[in-house]
1. Which whole-number value in Å² is the accessible area per residue of the stretch 117-235, probe 1.4 Å?
2. Roughly speaking, what is the stretch gain from S194 to L107, that is 0.36 nm per residue apart minus the C-alpha to C-alpha distance, in nm to one decimal?
3. Report the calculated FRET efficiency for F34 and Y228 (r = Cβ-Cβ distance, R0 = 45 Å), to the nearest 0.05.
4. Before anything else, pin down the relative contact order of the chain: Cα pairs under 8 Å, at least 6 apart, normalised by residue count, whole percent.
5. For helix 126-183, what angle does its Cα long axis make with the longest principal axis of the chain, in degrees from 0 to 90 and rounded to 10?
6. Report, by chain and number, residues whose modeled amide H sits under 5 Å from the one on L116, excluding near sequence neighbours (fewer than 5 apart, same chain).
7. With all pairs of different alpha carbon atoms counted, what Kirkwood hydrodynamic radius in Å does the stretch 198-270 show?
8. Given a 1.4 angstrom probe, I'd like the percentage of the accessible area of the chain that is carbon and sulfur, rounded to a whole number.
Amino acid sequence: MQRDEIYLIDLWRMLARQWRWFTATLIVTLAVTFAFLHAVKPQWQATAWIQIGQVGNAPTGQDPKAEPLLRVIERLQLIPFQDQVLSSIGVSSDTPEGALYRKSLKLEPMPYAGPLVKLSVRAQSPQQAAELATATVAQLQAVHRELEAAPLQLAHARLDEVQADLQKATAERDGLLQAASQDRDRLSSVLLVSVDEEIQTLKQTRGELLVRLGANYTYDTSLVWPVYVPTNQAFPNAALIWGAGLLLGLFFGMLVAIARDALCRARAPT
């Protein structure tokens, strides 16, 4: 305890002797921090949550999603895809804005929430950050609509086929009902039972198809919630940088003061 007190007193005396060097180093460090904060371009971050589209009438055992989650992640990281996103909003891929988009694009798969893909991207204005996030989702949506076009067309064709068969069976049943009521034909009664069963099966099939093609099971790739851009810039964080600058200034000031005091002692006559 006594040695610590002596050491602290010696340290304080050393700082008192070299206060000019300590203060000058601290000021220089804070000046560099100030210059950095005013020289660096601010960045804002936009966050989007993407729901992968699907066609609900997929065959049994097949994933109804337009693409598997990991394949979506890989697609979003492709340079040609990112070029298309930038081009869609009039930003060249070889500009600083394009470079920042590529560098800052972060993707987080959320397999148990949809699945969803959490996307974050940075730009030099909050408006451009939101625009880039929205354009990324729109480009992915366009790709998935092309992938979903064929299975969706087949599903609607199947529904039309079932509808036509149902209309045909209903007309046949009406004819059999009329024949059975007029002639009391036993064969007509037997056929009527068969047609009724067919109609019930077709109605069930049609109902399942309508449910599968409804909004709960068939939907486009889209945003789950609106793109979120905080009011505060993501970079630089002024409070954090000023705090780090102050700590570094104190640290470097102490080192310079110690080095200066040691140099003075070495030069002093014995």
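1. Solvent-accessible surface per residue comes out at 62 Å².
2. Numbers: separation 87, 0.36 × 87 = 31.32 nm, distance 5.61 nm.
Residue separation times 0.36 nm, minus the Cα-Cα distance, leaves 25.7 nm.
3. Step by step, r from the Cβ atoms, then E = 0.90.
4. 36 percent
5. Between helix and principal axis, roughly 10 degrees.
6. M110
7. One over the average 1/r among Cα pairs gives 20.0 Å for the stretch 198-270.
8. Its accessible area is 59 percent carbon and sulfur atoms.
The values are calculated or read from the model by the stated rules, or taken from the named source; none is laboratory data. These numbers were taken from a predicted model, which means no experiment stands behind them. Positions of Cβ are generated from backbone atoms using ideal geometry, with glycine treated the same way; all protein chains shown enter the neighbour counts. SASA here: full protein model, heavy atoms, side chains in, ligands and nucleic acids out. Shrake-Rupley method; radii C 1.70, N 1.55, O 1.52, S 1.80 Å.
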